[in-house]
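Visitor: Please find one structure pasted underneath; my questions will follow.
Laboratory data are not the source of any read-out in this text; all were calculated from the coordinates shown. Being a predicted model, the structure only gives us computed values, none of them experimental. Please note: Cβ atoms are built from the backbone with ideal geometry, for glycine as well, and neighbour counts cover all protein chains shown.
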Ligand SMILES: Nc1ncnc2c1ncn2[C@@H]1O[C@H](COP(=O)(O)OP(=O)(O)OP(=O)(O)O)[C@@H](O)[C@H]1O
Ligand SMILES: [Mg+2]
């Protein structure tokens, strides 16, 4: 019990340290740029692909459901709202966890196991500032961007299936989006993405950074990171939705 | 080489250092002095606590009790910022190398200069190439640690430890796994670097007795204590039973205490 509380305290302090060191000098923009590239390069196509299929399935299901009520014209609105407010941020975050997050947990875990983190420390380089802060920042920056891409591709996917294949009316699809998708909805989606970006990198870096120094330690850290970060994303999504709705 | 006015005092003083891991008392009252501008070599059977001691000296681990003075400053109670300013003096070679495996040999060795100095790119390049030549790794700049042999990794790590010309050098088995010729060459490099830049070195080594040739002082560690220490001659004429058994075991090419760990006698 006490150990659990202490572990939770360390977990929270870890994020706090990463954020404080992110704004404290010395500034190393090239570390941030490298992490942005890593996250972007690793997750770009996956996010695009998942966005496309999510939009397509929404177009299909949405069309079939709405047709029962004779309101196929609302298809664009439904697809866009569901993507922008919920599925975009959540699924993009899960995809980033699966690709970039797990890779980071494994990388930091291996660095811990082979004393590379100790080597940084002895060189008077703060390992949290050097390794963790750029990753958390990169997550906070890149996840909203990836989410936007997910949303746009998803809406096109819904259009292709709903309008192109199933025959929903084309005009109302985009008119509905223009009329009903407010800046409030977009803000909620981006806000979620930003928080998820932080959560993913926080969890994955924490698990990797504290990996046990043995061969199974790294694989354990990677699994734990993906599981915990997925659970936190979905749980947090519920609470944020309940509060922000 | 003045630091805080302690020009002539020992570079490192350790007093009654104790540290336990679980039930195991790994450091059991270590007392040791490493004089300035000298090489102090720590020898002892595998598992006696040499690496743990070194990790206390560079403040990666905190003791349960006891004191450590670096250039006259008591460091065991310092806050992390003050510790970092002490660490600026250190160059450290880890027993397993601890090279950054995402970086090439060149970037590994250049790393402390890139991060911690104001040298220009060209100056850094010249320094790195010079030190790589000294450790016998010219032409290896573009290789990655995973593409190197164990001995080459050791030498890369040594180059990284030396590159900033630290005033205090800590080497955890710099020659373990090297062939005899390389061992001698690395010993000579440590000696000449130490003399050229007037630095103080603490070295853990299993290359007994070869390493005594370049050591000023020797400390024999046994079961968490320094049992014998002094100049090489003093230590060699010591009557300590454990040390005599340790030396005899070395000469016969066998471990004094059987250990499940792979030890440095392999291949010697
Ligand atoms: N982090 C740790 N947690 C628990 N026990 C440890 C830890 N680090 C070291 N020990 C224990 O401390 C003892 C001394 O280990 P140390 O690595 O200092 O040995 P050593 O003298 O360097 O041996 P070698 O010559 O083989 O490198 C060992 O019994 C080891 O099991
Ligand atoms: Mg050791």
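Visitor: Roughly what % of DSSP beta bridges within the protein assembly as shown run antiparallel, to the nearest 5?
Guide: Taking every DSSP beta bridge within the protein assembly as shown, about 55 percent pair in antiparallel fashion.
Visitor: In whole angstrom, note down how far apart the Cα centers of region A:195-228 and region B:142-199 are.
Guide: When both Cα centres are located, 34 Å separates them.
Visitor: Next question, about the same structure. Looking at the square roots a ≥ b ≥ c of the eigenvalues of the Cα gyration tensor of region B:1-143, which shape do they give, rounded for a/c under 1.5, prolate if a/b is larger than b/c, or oblate?
Guide: Prolate shape, in that a/c is at least 1.5 and a/b is the bigger ratio.
Visitor: Using only Cα atoms and rounding to the nearest 10 degrees, what angle (0 to 90) does helix A:102-113 make with the longest principal axis of chain A?
Guide: Approximately 0 degrees, to the nearest 10.
Visitor: Each label point is 7 Å from the Cα along the Cα-to-Cβ direction; what then is the distance between the points at residue B:18 and residue A:227, in nm?
Guide: Rounded to a tenth, the inter-label distance reads 4.0 nm.
Visitor: What order do you get for B:97-103, A:194-200 when each peptide is scored by the mean count of other beta carbon atoms within 10 Å, highest first?
Guide: The densest-packed peptide leads the list: A:194-200, B:97-103.
Visitor: A further question follows. Can you tell me the order of A:219-225, B:108-114 when each peptide is scored by its average per-residue count of other Cβ atoms within 10 angstrom, highest first?
Guide: Most protected by this proxy first, the peptides run B:108-114, A:219-225.
Visitor: So what is the calculated 222 nm ellipticity per residue for chain B, using -39500 (n - 2.57) for each DSSP H run with n of 4 or more, over all residues, to the nearest 500 deg cm²/dmol?
Guide: When only DSSP H runs of four or more count, the value is -10000 deg cm²/dmol.
Visitor: In degrees from 0 to 90, rounded to the nearest 10, what is the angle of the helix A:215-244 Cα long axis to the longest principal axis of chain A?
Guide: For helix A:215-244, the angle is close to 50 degrees.
Visitor: Rounded to whole Å, give me the distance from the Cα center of region B:54-109 to that of region A:6-46.
Guide: 24
Visitor: For region B:215-246 and region A:109-139, compute the distance between their C-alpha centroids and round to whole Å.
Guide: Comparing the Cα centres of region B:215-246 and region A:109-139, I get a distance of 38 Å.
Visitor: Next question. Pulled fully out, how much extra length does the chain show between residue B:210 and residue B:77, if you take 0.36 nm times their separation in residues and subtract their Cα-Cα distance?
Guide: Contour length minus the Cα-Cα distance gives 44.2 nm.
Visitor: When the helices in chain A are scored as -39500 (n - 2.57) per DSSP H run of 4 or longer and the sum is shared across all residues, what 222 nm value do you end up with, to the nearest 500 deg cm²/dmol?
Guide: -27000 deg cm²/dmol
Visitor: Additional query: When Cβ neighbours within 10 Å are restricted to other protein chains, what is their mean count per residue of peptide A:121-129?
Guide: Average neighbour count from other chains, rounded to a whole number: 6.
Visitor: Let me ask another. Let a ≥ b ≥ c be the square roots of the eigenvalues of the Cα gyration tensor of chain B; is it rounded (a/c under 1.5), or, if not, prolate (a/b larger than b/c) or oblate?
Guide: Oblate.
Visitor: I need the semi-axes of the equivalent ellipsoid of the protein assembly as shown: take the C-alpha gyration tensor, multiply each eigenvalue by 5, square-root it, list largest first in whole angstrom.
Guide: Each semi-axis is √(5λ); the values are 58, 22, 20 Å.
Visitor: Using only Cα atoms, tell me the angle between helix A:133-159 and the longest principal axis of chain A; keep it within 0 to 90° and round to the nearest 10.
Guide: Tilt of helix A:133-159: around 20 degrees.
Visitor: Let me ask something else. Rounded, prolate or oblate: which fits region A:30-244, taking a ≥ b ≥ c as square roots of the Cα gyration tensor eigenvalues, rounded meaning a/c under 1.5, else prolate when a/b beats b/c?
Guide: Prolate is the answer for region A:30-244, as a/c is 1.5 or above and a/b outweighs b/c.
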